[in-house]
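Chemist: Once you've had a glance at the structure underneath, I'll fire off some questions.
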Amino acid sequence: MKKFTKVLSLTLVAVMLLAGCSGGGKAADGNASNDVAPSVPEDKEVTLKVTFFEAGFGNKWQNWLKTEFEKQYPNVTVELVGDANLTETLTPMIESGVDAPDVYMANGSMWEEWGPQGLVMDLTSLYEEKVPGTDMTLDEYITDVAKDKFYFDLGKENGGVKKYSVPWSAGPMSVVYNVNMFEEHGWEYPKTWEEFEALCEEIKAAGIAPLTYPGKFPNYTRPFIRGWQLQAMGEDKFFGEYKNPTSADIYGDTAVLESFQNFKKLFDKGYIMNGTTALDHTQVQMEFINNKVAMILNGYWLENEMSEAWPEGYRIAMAPVPQGGKVDKPVSFINMPDYMAIYNNTEVPEVAKAFVLFSLSPESCEQFAKLAGGLRPFNYELSDEVSEFTQTCQDVITNENYYQYTDASSNPLMFKSLGNAYLTQISTGEITPEKAAEDFKNEAATEYDRVKTDLGL
Amino acid sequence: MILSDISKIENKNKDKKAIDVKSHKLNKSKLFIIIMLAWPVAHWLVFTLFMNLQTLVYSFQRLNRFTGKMRFAGTENYMELFEKIINNTASYGIAFRNTFLWLGLNVLVIVPLSLVVAYVLSKKIPFHRFFNAVLFIPNIISIVILTMVWSFAWAPNQGLVNELLTRLGLEHLTRVWLGDPKSALINVFVYCVWAGIGFNNLILSGAIAKIPKEILESAELDGISNWQEFIHIVIPSVWPTICTVTILGATAAFRVFLHPQLLTNGQYGTSTIALKVVEEVLAGGSYGLASAAGITMAVLGYIAVSIIKKFLDKREKEWS
């Protein structure tokens, strides 16, 4: 036992020393060497490995990109790798360099960590390049809403605003309703919260559940929760303090409590379909398709994700969150978890950049909408050839009568949690909204202090 | 004199040759051992020792997201973990409690139940082969499929269970099984029992089959009941195997994350620390906190398993 204790103590001392000494080891300075202009050398054969998250958007668009890029550059072979588990497999690939792609399309925000560490390429100069098929630079082409997420302000001493990735897909997450059902009953999608409640009562009276969401994944309530917070705070406070806090006090704002109370009200008034809390996204989406519920909180990927389940003649539409509080228009929440980035140690940085730039053209975006039902946060216009649902999605995020925003941010000080654990507890009546808001505030305050310490502020 | 010298020299040469042959043989066997051990040792050094040490190192570090550099953080990650467990922040406290409930489930419910099932099936009851096969099926089907089927069966609106209860006039018993904190954890436990018995049953059935028939026959002649046979003959005879499945079950309890993740996404009081580790790494990239949680649970797991092993060894000594 004594021997064991000795060995354990020695190991711990060694580990502590190792932890202390290896502090700065991860950050790499490889960015400068890869600051090349996008181009494709014509004198040699090049293989470009493109790995992508193969889920709701399928792989048709990536295949189109491969065909078109290879047509334009016959000496380039694009090797496509679709991976449904990319969220899990990408981290070891990028961090170890084993089997790492040259370009990847993924969801999540890991680029925020990998950028400063030198694992993904600094694409700041790429934002000055002209986007094919437009007269705009990428900097002008990207929407202002997306800049909140993709412009990463590291502070003056760390190089200022950096861009380590470009948006792959971003679109509305909001209320999707059954158009046929609405027309059949003479219902109209409401403009205000009062009208929304009245509509829910009408739907209930018709013996149909008004609303559902994937209960196992409370993140789907994000458009409502963030919408209520934005409407209660007003845009100045939401963007100036909630998304860019100077103290943690903002997370104790009454708007948080109000959003939790409103969420509880949906259950108390019987607007949420019975059994919702136990169901995953596929299950609730099937209930929606089977006309058991009139509206569902979902995203622009819904139509493509359930492509094999829709009945003949189905019609669905995306609508904004009704108007309320300090914002005088209905609000449109834009979800932007998907991004494209380049592995920093790629052997073909200029070709990888050319491919990323190629994928941004309006024609490519149009194909993304047609082939994958996806949208991108750039200044382009869609033709009428895309599906009715995709058109409503595009309308929700471009219509001037709606207020478009996102809660995505690269500011590490923002407490990004929606409070999923609290939301599930509210939905089942385990805790009150007041207790949830109090716990949320305390959690945010602790996290804020931790992040400040981590950043050396 | 000369003859004796010659014979001495000859003997020496013979000894030398014998030594040479012996050392050659020794070298060969050493080489064989080295070759055979090289891969597993290298594998252990890289995938066990190095990775665990790396986890230990990470548990004392935190990332500066502006500079991309890791900094030495002392015990900050451990303090954050303990604070979250104590305050039940983001259900960490529940996850911690559940990890130990799973330990109890694996050791005190699944192992004894498997033993009973294995014993009953060893009595060659009608359809025993069928039951053995049915019990083992969950081990050969993907857990994703199993949990999906389970979720559909217990679904609140169109699920088999609620439908059955309604048809039996027991509508008041229907509920949102996997979406209610009062029933979700128990339901996940029931799933674990259903899916977990088959493997233990296979191992324990093998051990029971090896009990000498003479012992069982003489006991039968003495007129002992099945209960007495189970307690006084079967359990002591297969005790080493029981120890093995118990230790395997105990260690597995600290790694459980897929069952709650797939059945409830860890909601409604069903999460575990292992699931929290997965979430921290995949969703937040908080390697430091995840590593601290992993190390803490490894230490607690080691203590728990040691205590269980001590108890099992004590019983084994009593019976041997």
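The values are calculated or read from the model by the stated rules, or taken from the named source; none is laboratory data. Keep in mind that what you see is a predicted model, and the values were worked out from it rather than measured. Quick reminder, even Gly has a Cβ in these numbers, built from the backbone with ideal geometry, and neighbours come from all protein chains shown. Each accessible area value is taken on the protein alone, full model and side chains, heavy atoms only, with ligands, DNA and RNA left out. Shrake-Rupley method; radii C 1.70, N 1.55, O 1.52, S 1.80 Å.
Chemist: For the condition closer than 24 Å to A:T424 by Cα, small (G, A, S), in contact (Cβ under 8 Å) with a residue 40 or more places away in the chain and in the same structural domain as B:W194 (by TED's automatic domain parsing), what is the one hit in B:G301, B:G266, B:G288? Write out each step before concluding.
Modeler: On the way: B:G301 fails: closer than 24 Å to A:T424 by Cα; B:G288 fails: closer than 24 Å to A:T424 by Cα.
Selected residue: B:G266, the only one of B:G301, B:G266, B:G288 that is closer than 24 Å to A:T424 by Cα, small (G, A, S), in contact (Cβ under 8 Å) with a residue 40 or more places away in the chain and in the same structural domain as B:W194 (by TED's automatic domain parsing).
Chemist: Give me the pairs: first residue in segment A:352-377 and part of a helix (DSSP H, G or I), second residue small (G, A, S) and open to solvent by 10 Å² or more (accessible area, probe 1.4 Å), beta-carbon distance under 7 Å, and six or more apart or on different chains, which are they?
Modeler: Every condition considered, the pairs that remain are A:A354/A:S39; A:P362/A:G133; A:E363/A:G133; A:E366/A:S383; A:A372/A:G58.
Chemist: Something else now. Against the conditions (1) more than 14 Å from A:M340 (Cα to Cα); (2) within 30 Å of the chain's Cα centre (by Cα); (3) open to solvent by less than 70 Å² (accessible area, probe 1.4 Å), where does A:N85 fall short? Just the number, please.
Modeler: Only one criterion in (1) more than 14 Å from A:M340 (Cα to Cα); (2) within 30 Å of the chain's Cα centre (by Cα); (3) open to solvent by less than 70 Å² (accessible area, probe 1.4 Å) is unmet by A:N85, namely (3).
Chemist: Any residue at all in segment B:233-253 that's touching a residue at least 12 places away in the same chain (Cβ under 8 Å) and under 30 Å from A:Q283 (Cβ atoms)?
Modeler: Looking only at segment B:233-253, we keep the residues that are touching a residue at least 12 places away in the same chain (Cβ under 8 Å), and these are B:233-247, B:249-253.
This time we only want the ones that are under 30 Å from A:Q283 (Cβ atoms), so: B:252-253.
Yes, that holds for at least one residue.
One line per residue, one yes/no per condition, for (1) part of a helix (DSSP H, G or I); (2) over 17 Å from B:Y268 (Cβ atoms); (3) of a type in the set (A, V, I, L, M, F, W, C); (4) assigned by TED's automatic domain parsing to the domain that holds B:K309:
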{"position": "B:V109", "(1), (2), (3), (4)": "yes, yes, yes, yes"}
{"position": "B:S114", "(1), (2), (3), (4)": "yes, yes, no, yes"}
{"position": "B:Y119", "(1), (2), (3), (4)": "yes, yes, no, yes"}
{"position": "B:F130", "(1), (2), (3), (4)": "yes, yes, yes, yes"}
{"position": "B:F136", "(1), (2), (3), (4)": "yes, yes, yes, yes"}
{"position": "B:V144", "(1), (2), (3), (4)": "yes, yes, yes, yes"}
{"position": "B:S151", "(1), (2), (3), (4)": "yes, no, no, yes"}
{"position": "B:T166", "(1), (2), (3), (4)": "yes, yes, no, yes"}
{"position": "B:I186", "(1), (2), (3), (4)": "yes, no, yes, yes"}
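Chemist: Looking only at segment A:39-55, count how many residues are surrounded by 15 or more Cβ atoms within 10 Å (Cβ to Cβ), part of a loop (DSSP other than H, G, I, E, B) and more than 20 Å from the chain's Cα centre (by Cα). Reasoning before the result, please.
Modeler: First pass over segment A:39-55, keeping only residues surrounded by 15 or more Cβ atoms within 10 Å (Cβ to Cβ): A:40, A:46, A:48-55.
With the extra rule that they be part of a loop (DSSP other than H, G, I, E, B), the set shrinks to A:40, A:54-55.
Okay, now just the ones that are also more than 20 Å from the chain's Cα centre (by Cα), so A:40.
So the answer is 1.
Chemist: One residue is enough: does segment A:56-78 have a residue meeting the conditions open to solvent by less than 60 Å² (accessible area, probe 1.4 Å), outside any strand (DSSP E or B), more than 29 Å from A:G159 (Cβ to Cβ) and at pLDDT below 85?
Modeler: Taking every residue of segment A:56-78 in turn, at least one turns out to be open to solvent by less than 60 Å² (accessible area, probe 1.4 Å), outside any strand (DSSP E or B), more than 29 Å from A:G159 (Cβ to Cβ) and at pLDDT below 85.
Chemist: Considering only residues of segment B:150-172 that are within 12 Å of chain A (Cβ to nearest Cβ), out of contact with any Phe, Trp or Tyr (no Cβ under 7 Å at 6 or more places or on another chain) and open to solvent by 30 Å² or more (accessible area, probe 1.4 Å), which is modelled with the lowest pLDDT?
Modeler: Once the filter is applied, the top-ranked residue is B:Q158.
Chemist: Mind listing whichever residues of segment B:215-232 are closer than 17 Å to B:V116 by Cβ, open to solvent by 60 Å² or more (accessible area, probe 1.4 Å) and either among the aromatic types (F, W, Y) or more than 32 Å from the chain's Cα centre (by Cα) (or both)?
Modeler: B:W227 - this is the single residue of segment B:215-232 that is closer than 17 Å to B:V116 by Cβ, open to solvent by 60 Å² or more (accessible area, probe 1.4 Å) and either among the aromatic types (F, W, Y) or more than 32 Å from the chain's Cα centre (by Cα) (or both).
Chemist: Within segment A:108-150, count every residue that is touching a helix residue (DSSP H, G or I) at 6+ places or on another chain (Cβ under 8 Å), of a type in the set (D, E, K, R) and open to solvent by less than 50 Å² (accessible area, probe 1.4 Å).
Modeler: Going through segment A:108-150 one residue at a time, the tally reaches 2.
Chemist: Quick one: would you say A:G419 is under 20 Å from the mean Cα position of the chain (by Cα) and within 14 Å of another protein chain (Cβ to nearest Cβ)?
Modeler: Numbers: under 20 Å from the mean Cα position of the chain (by Cα): yes; within 14 Å of another protein chain (Cβ to nearest Cβ): yes.
In short, yes.
Chemist: Filter segment A:267-289 down to the residues that are at the interface with chain B (Cβ under 9 Å from one of its Cβ atoms), over 21 Å from A:T390 (Cα atoms) and surrounded by fewer than 19 Cβ atoms within 10 Å (Cβ to Cβ) and list them by number.
Modeler: A:N274
Chemist: While we're here: Pick out the one residue from B:L115, B:L101 that is more than 14 Å from chain A (Cβ to nearest Cβ) and either open to solvent by 60 Å² or more (accessible area, probe 1.4 Å) or farther than 25 Å from B:N201 by Cβ (or both).
Modeler: Checking each option against the conditions leaves just B:L101.
Chemist: Could you check segment A:393-411 and list, in sequence order, the residues that are surrounded by 20 or more Cβ atoms within 10 Å (Cβ to Cβ) and β-branched (V, I, T)?
Modeler: A:V396, A:I397, A:T406
Chemist: Please tell me if A:P210 is farther than 30 Å from A:T428 by Cβ, touching a Lys or Arg at 6+ places or on another chain (Cβ under 9 Å), open to solvent by less than 10 Å² (accessible area, probe 1.4 Å) and not hydrophobic (A, V, I, L, M, F, W, C).
Modeler: So A:P210 does not fit the description; no.
Chemist: Determine which member of the set B:A304, B:A274, B:A290 is open to solvent by less than 30 Å² (accessible area, probe 1.4 Å), more than 10 Å from chain A (Cβ to nearest Cβ), in a helix (DSSP H, G or I) and in contact with a Leu (Cβ under 7 Å, 6 or more places away or on another chain).
Modeler: Answer to the selection: B:A304.
Chemist: Is it true that some residue in segment A:386-396 is in a loop (DSSP other than H, G, I, E, B), without any contact (Cβ under 8 Å) to a residue 40 or more places away in the chain and over 30 Å from A:N262 (Cα atoms)?
Modeler: Scanning segment A:386-396, I find at least one residue that is in a loop (DSSP other than H, G, I, E, B), without any contact (Cβ under 8 Å) to a residue 40 or more places away in the chain and over 30 Å from A:N262 (Cα atoms), so the answer is yes.
Chemist: Something else now. Is it fair to say B:T246 is in a helix (DSSP H, G or I), open to solvent by less than 30 Å² (accessible area, probe 1.4 Å), among the polar types (S, T, N, Q) and touching a helix residue (DSSP H, G or I) at 6+ places or on another chain (Cβ under 9 Å)? Can you show your working first?
Modeler: Working: in a helix (DSSP H, G or I): yes; open to solvent by less than 30 Å² (accessible area, probe 1.4 Å): yes; among the polar types (S, T, N, Q): yes; touching a helix residue (DSSP H, G or I) at 6+ places or on another chain (Cβ under 9 Å): yes.
For B:T246, the condition - in a helix (DSSP H, G or I), open to solvent by less than 30 Å² (accessible area, probe 1.4 Å), among the polar types (S, T, N, Q) and touching a helix residue (DSSP H, G or I) at 6+ places or on another chain (Cβ under 9 Å) - is met.
Chemist: Quick one: in segment A:137-159, of everything that is under 15 Å from the mean Cα position of the chain (by Cα) and among the hydrophobic types (A, V, I, L, M, F, W, C), which residue is nearest to B:N64 (Cα to Cα)?
Modeler: A:F150
Chemist: Also, quick follow-up: Within segment A:422-457, count every residue that is among the hydroxyl-bearing types (S, T, Y), more than 12 Å from chain B (Cβ to nearest Cβ) and open to solvent by 40 Å² or more (accessible area, probe 1.4 Å). Step through it out loud before you land on a result.
Modeler: Let us first name the residues in segment A:422-457 that are among the hydroxyl-bearing types (S, T, Y), namely A:422, A:424, A:427-428, A:432, A:446, A:448, A:453.
If we keep only those that are more than 12 Å from chain B (Cβ to nearest Cβ) too, we end up with A:432, A:448.
Add one more test, that the residue is open to solvent by 40 Å² or more (accessible area, probe 1.4 Å), and what stays is A:432.
Number satisfying all stated conditions: 1.
Chemist: Oh, and also: Within segment A:151-173, is there a residue that is in contact (Cβ under 8 Å) with a residue 60 or more places away in the chain, open to solvent by 60 Å² or more (accessible area, probe 1.4 Å), out of contact with any Leu (no Cβ under 8 Å at 6 or more places or on another chain) and not in a loop (DSSP other than H, G, I, E, B)?
Modeler: Yes, there is a match, as at least one residue in segment A:151-173 is in contact (Cβ under 8 Å) with a residue 60 or more places away in the chain, open to solvent by 60 Å² or more (accessible area, probe 1.4 Å), out of contact with any Leu (no Cβ under 8 Å at 6 or more places or on another chain) and not in a loop (DSSP other than H, G, I, E, B).
Chemist: A follow-up question, please. Filter segment A:110-146 for residues that are without any contact (Cβ under 8 Å) to a residue 40 or more places away in the chain and part of a loop (DSSP other than H, G, I, E, B); which is farthest from the other protein chains (Cβ to nearest Cβ)?
Modeler: Step by step, filter segment A:110-146, then rank; the result is A:D135.
Chemist: Oh, and also: Name every residue in segment B:53-78 that is outside any strand (DSSP E or B) and facing another protein chain (nearest Cβ under 7 Å), in order of residue number.
Modeler: Hits for segment B:53-78 are B:L53, B:L56, B:V57, B:F60, B:R65, B:F66, B:T67, B:G68.
Chemist: Testing A:I342 on (1) within 22 Å of the chain's Cα centre (by Cα); (2) closer than 30 Å to A:G215 by Cβ; (3) not small (G, A, S), one condition comes back false. Which one is that?
Modeler: (2)
Chemist: Filter segment A:225-248 down to residues that are touching a residue at least 12 places away in the same chain (Cβ under 8 Å), over 23 Å from A:Q323 (Cα atoms) and either of a type outside the set (A, V, I, L, M) or within 14 Å of chain B (Cβ to nearest Cβ) (or both), then give me how many there are.
Modeler: Residues in segment A:225-248 being touching a residue at least 12 places away in the same chain (Cβ under 8 Å), over 23 Å from A:Q323 (Cα atoms) and either of a type outside the set (A, V, I, L, M) or within 14 Å of chain B (Cβ to nearest Cβ) (or both): 3 in total.
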